[in-house]
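Everything below concerns the one structure shown next.
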Amino acid sequence: MEKQYKVIVGLGSCGIAAGGLKVMEAIKAKQATTPVTVSVDETGCMGMCYKEVLVEIVNPDGKSYIYGNVTPDKVDRLFAEHIGNGQPITEWVVQGCDLKTSEDSFFDKQERIVLRRCGKINPESLDEAIAMDAYKAIGKAIKTMTPEQVIEEVLASGLRGRGGAGFPTGMKWKFANASKGSKKYIICNADEGDPGAFMDRSVLEGDPHAVLEGMMIAGYAIGADEAYIYARAEYPIAIKRLKIAIKAAEERGLLGKNVLGTNFNFKIKIKEGAGAFVCGEETALISSIEGKRGMPRIRPPFPAQSGLFGKPTNINNVETFANVAYIILNGAGSYNKYGTEKSKGTKVFALAGKIARGGLVEVPMGIALRDIIYEIGGGTSSGKPFKAVQMGGPSGGCIPAHLLDTIVDYDSVNQTGAIMGSGGMIVMDEDNCMVDIARYFLSFTQSESCGKCTFCKIGTNRMLEILTRLTTGEGREGDIELLEELSDQIRRNALCGLGQTAPNPVLTTLKYFRHEYEAHIKDKKCPAKQCRPLIKYVILEDKCIGCTACSRVCPVKAISGEPKKAHKIDSSLCTKCGACKEKCRFSAIEID
Amino acid sequence: MHNQEIQAAYGYLPKDVLDKMCEKTGMFPTQVMGVATFYSQFRLEPTGEHVIKICFGTACHVNGAEKVADALADELKVEFGGTTKDGKFTLETVACLGCCSLAPVIMIDEEAYGRLTPDSARKIIRDYYETGRA
């Protein structure tokens, strides 16, 4: 093929949401009118979500440059200077092979195993995946290894379940392998329901073949010939790309009957979820695939003995599967050289919230939280002091600033009261109220509780009532103790993981930010100035010049005053929406 | 689950269609309604012309999603889960849209709008009306 420029647009969900399709349109229009031949392609998430839309230009000699914050009106200059004159536009480059940029530290501490092909291949092209080693591992496994050897290799790698609980993957496979029965199932849990987590979506959108291949290897290891991917319906792009990937692999003889000419058969079906967080719990998920209400049941029996349609079933999460082919192809040693004694390999995190460089990062286990937040993430987006990082979503907890040297491994994170979780990492600054955060998570778990067991159904409701009381200035003496008692009961008695972990956000914020709870109860104050019933907006007379901007933007006409004279806010009308403060260019509006 | 197919065809689960399904499959109405009301995706009422989904994910929450949501509810004069009187918009909240780096985010039909303020959210709606899309 003739050497030519290659332009690649990042079209994961984030890229599309940031306007990637419009950039793509502009590039295609330009491609048609440019005298030089340019190939245009798309890829999944490149990781630097904070710089979306991302466009990579690869020179004919293979040198690559990634541009950030690309808009359609920047396309002309990219074509004229980079492609026309061969001069990369250095001030727009966020990563260049021979350029130093301010963004390099985003990648310096990362190790990409799960994301090995994400952002590098067109996820809808099987050939591009194969050119980067896809489906080599399944060939190696079925042609040169016994199922037991595959399991041994995964055990030796130290891989633990990336859905959050951290159960050793090889052990799970061993149980399912040992279960008797001619019919067994593999399930991929792609019901990524944690608000604030998008690791699995990005993997499915960026490299669906990695997940399919991992599932096939698991199928071979336990003796299953059929599999389901249970995917969130909220992820239409991931589902579409999975369907394309499955079809392409089937047509190529990589999936379906007689995989790679052997007598190994494997069929993968997609089952779309319908919006129920509890379906991330394995027994609820199974019930949902069977067409019923997604409610968990008591274990044992574990799915490895009796799972989908009563058959032995092995369930792993998307990221877990995405690791498997790498381990089989390169050996356990290439994987367990990363990490700590009990947590091997790498972990993908979705870095979001008040963080300067939010995005998808993959780091070796054992890295300090401080390095992720400051070196990779660039600190808080507001420039204000860091307050806490929330790990593990509704099942996890908040880790405060003084514990930032905690390293990322299952046991160290557990010691803080948070959990590793599936990989959501939400950064908060001093403006975030920790009581409000606890209330937020409880309102989530309460509304997602399936209603089967009393401790979860009623317990989370009671906890939410108390937290709502606190954030509306109606907290009572004894509320903290009541929260602690309820937490303890729910933790010990709820039926499934959803309920058992629901109190975690409350317990960790109580542990590290108890003074904020006390301020809400005793002083009826919100120290972070977030809880609306506890705050008041005031105009500082000496700073207000009477520009009237605030009174014009106020949706309830609570601000009055003559032009060029200091204005006033009528607290009885004010809904505390904050529009005035945002509009004021003279810092004349404060929260009291 | 046939409910997903029915909803794909009608946009919601009409009662007479569910009744028909029970007749044909021998399922009990309680079973069907049990599933229909368990999952948040299923609707028993038709929606407006456009569906606005306000993301209430954690990243959006810490970046002020609530204020954006209130502004939209005020602009459209509608409660969460409801449809405007003119039938143009249905306003919903969702757990997470997964575009966390653009927080706070809303999605109107298939298009996402990110890095919103209460003000810019109102402008999007006005723009829909002004340009005749609603």
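The values are calculated or read from the model by the stated rules, or taken from the named source; none is laboratory data. Just so you know, these numbers come straight off a predicted model, no measurement behind them. FYI the Cβ positions are ideal-geometry reconstructions off the backbone, even for glycines, and counts take in every protein chain you see. In case anyone asks, the SASA skips ligands and DNA or RNA and just uses the protein heavy atoms, side chains included. Shrake-Rupley method; radii C 1.70, N 1.55, O 1.52, S 1.80 Å.
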Which listed residue is open to solvent by 20 Å² or more (accessible area, probe 1.4 Å) and either closer than 25 Å to B:Gly98 by Cα or outside the structural domain of A:Gly214 (by TED's automatic domain parsing) (or both), from A:Glu341, A:Glu290:
A:Glu341
Consider only pairs whose beta carbons are under 6 Å apart and that are at least six residues apart or on different chains; among these, list those whose first residue lies in the stretch B:104-130 and is within 12 Å of chain A (Cβ to nearest Cβ) and whose second residue is polar (S, T, N, Q).
B:Pro104/B:Asn63
Might you let me know whether the stretch A:220-234 holds any residue that is at pLDDT below 95, closer than 18 Å to A:Ala322 by Cα and assigned by TED's automatic domain parsing to the domain that holds A:Gly310?
yes
Return a yes/no flag: does the stretch B:77-89 have any residue that is at pLDDT below 95 and under 20 Å from A:Gly273 (Cα atoms).
no
Looking at the stretch A:3-30, I want the residues that are under 14 Å from A:Asp73 (Cβ atoms) and have a partner that is of a type in the set (S, T, N, Q) with Cβ atoms under 9 Å, at least 6 apart or on another chain. Which pairs are those?
A:Gly19/A:Thr71; A:Lys22/A:Thr71; A:Val23/A:Thr71; A:Ala26/A:Thr71
Quick one: A:Ala134 ticks every box in (1) open to solvent by 40 Å² or more (accessible area, probe 1.4 Å); (2) in a loop (DSSP other than H, G, I, E, B) except a single one, so which number is it?
(1)
Given (1) open to solvent by less than 40 Å² (accessible area, probe 1.4 Å); (2) of a type in the set (D, E, K, R); (3) out of contact with any strand residue (DSSP E or B) (no Cβ under 8 Å at 6 or more places or on another chain), identify the lone condition not met by A:Lys271.
(3)
Kindly check whether there is at least one residue in the stretch A:15-27 that is of a type in the set (D, E, K, R) and open to solvent by less than 50 Å² (accessible area, probe 1.4 Å).
no
Spot the failing condition for A:Tyr335; the list is (1) more than 14 Å from chain B (Cβ to nearest Cβ); (2) in a loop (DSSP other than H, G, I, E, B), and only one is missed.
(2)
Within 26 Å of A:Thr471 (Cβ to Cβ), among the aliphatic types (A, V, I, L, M), open to solvent by less than 30 Å² (accessible area, probe 1.4 Å) and within 14 Å of another protein chain (Cβ to nearest Cβ) - does that describe any residue in the stretch A:574-582?
yes
Restricted to the stretch A:344-359, and to residues that are more than 7 Å from every other protein chain (Cβ to nearest Cβ) and part of a loop (DSSP other than H, G, I, E, B), which residue is surrounded by the fewest Cβ atoms within 10 Å (Cβ to Cβ)?
A:Ala356
Quick check: anything in the stretch A:72-92 open to solvent by less than 30 Å² (accessible area, probe 1.4 Å) and under 28 Å from A:Asp133 (Cβ atoms)?
no
Within the stretch B:58-65, does at least one residue satisfy the condition of being over 21 Å from B:Gln7 (Cβ atoms), in a helix (DSSP H, G or I), among the β-branched types (Val, Ile, Thr) and more than 7 Å from chain A (Cβ to nearest Cβ)?
no
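Let's see how each residue does on (1) in contact with an Asp or Glu (Cβ under 8 Å, 6 or more places away or on another chain); (2) assigned by TED's automatic domain parsing to the domain that holds B:Gln7; (3) crowded, with 18+ Cβ neighbours inside 10 Å:
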| position | (1), (2), (3) |
| --- | --- |
| B:Ala59 | no, no, yes |
| B:Lys67 | no, no, yes |
| B:Lys85 | no, no, no |
| B:Gly98 | yes, no, yes |
| B:Gly114 | no, no, yes |
B:Val78 - would you say it is of a type in the set (Val, Ile, Thr) and away from chain A (no Cβ under 11 Å)?
yes
How about the stretch A:249-276: which of its residues are among the hydrophobic types (A, V, I, L, M, F, W, C) and either at pLDDT 95 or above or farther than 18 Å from A:Cys188 by Cβ (or both)?
A:Ala249, A:Leu254, A:Leu255, A:Val259, A:Leu260, A:Phe264, A:Phe266, A:Ile268, A:Ile270
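Matching residues to (1) open to solvent by 30 Å² or more (accessible area, probe 1.4 Å); (2) modelled with pLDDT of 95 or more; (3) not assigned by TED's automatic domain parsing to the domain that holds A:Gly421:
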| site | (1), (2), (3) |
| --- | --- |
| A:Glu148 | yes, yes, yes |
| A:Glu153 | yes, yes, yes |
| A:Gly161 | no, yes, yes |
| A:Asn177 | yes, yes, yes |
| A:Ser182 | yes, no, yes |
| A:Tyr185 | no, yes, yes |
